[in-house]
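> To start, I am sharing the structure in question, which I have written as structure tokens.
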Amino acid sequence: MILLLSLSFRNTPQKIREYFAFGNEDKKRLLKSLCSEELIDEAAVLITCNRTEIYVSTGNDRSTSSIINIILEKCEEIIGINIENIRDYLLFLPERVQYLICIRLVQVWIQCL
């Protein structure tokens, strides 16, 4: 299963997005930390000027809420603060839209060119 968690300019205030604008070192730490978790097989982080997207692949399709909690905890460790109400801004796309994720990755890649 592939999960996408996204914070974008469309649904998240700039102040919150700034916390998730990880630099290269923090992005590497986040990826390493996520991939060290038993429930997460692979991870990718995409950061542009107006969004942060975190993709994770997992073989466990029954622990979606646990995986989301892990992702948010790892992000908060790197940010250094607990961001209240972060779920209010979080766009979560579960397995039923996996095929859209591939299309989304291509779209974002093209935007970055």
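The values are calculated or read from the model by the stated rules, or taken from the named source; none is laboratory data. Since the model is a prediction, treat every value here as computed from it, not as a measurement. All Cβ positions, glycine included, derive from the backbone under ideal geometry; neighbour counts span all protein chains shown.
> Among the listed residues E53, E76, which satisfies the condition of being assigned to a strand (DSSP E or B), in contact with a helix residue (DSSP H, G or I) (Cβ under 9 Å, 6 or more places away or on another chain), within 13 Å of L90 (Cβ to Cβ) and charged (D, E, K, R)?
E53
> Give region 51-80 a look and list any residue that's touching a strand residue (DSSP E or B) at 6+ places or on another chain (Cβ under 9 Å) and either surrounded by fewer than 18 Cβ atoms within 10 Å (Cβ to Cβ) or of a type in the set (A, V, I, L, M) (or both), or say none.
Of everything in region 51-80, those that are touching a strand residue (DSSP E or B) at 6+ places or on another chain (Cβ under 9 Å) and either surrounded by fewer than 18 Cβ atoms within 10 Å (Cβ to Cβ) or of a type in the set (A, V, I, L, M) (or both) turn out to be I54, V56, S57, T64, I67, I68, I70, I71, L72.
> Next question, about the same structure. Criterion first (basic (K, R) and under 18 Å from I83 (Cα atoms)) does R10 satisfy it?
Judged against the criteria, R10 is not a match.
> Quick check on N24: is it at pLDDT below 90 and out of contact with any His (no Cβ under 8 Å at 6 or more places or on another chain)?
Considered against the rule, which asks whether it is at pLDDT below 90 and out of contact with any His (no Cβ under 8 Å at 6 or more places or on another chain), N24 comes out as no.
> Could you please find all residues in region 1-22 being surrounded by fewer than 17 Cβ atoms within 10 Å (Cβ to Cβ) and of a type in the set (D, E, K, R)?
R10, K15, E18
> Of all residues in region 31-50, which are closer than 24 Å to T12 by Cα, outside any loop (DSSP other than H, G, I, E, B) and out of contact with any strand residue (DSSP E or B) (no Cβ under 6 Å at 6 or more places or on another chain)?
Of everything in region 31-50, those that are closer than 24 Å to T12 by Cα, outside any loop (DSSP other than H, G, I, E, B) and out of contact with any strand residue (DSSP E or B) (no Cβ under 6 Å at 6 or more places or on another chain) turn out to be I47, T48.
> Only residues that are among the acidic types (D, E) and within 23 Å of S66 (Cα to Cα): list them for region 3-45, please.
D26, E37, E38, D41, E42
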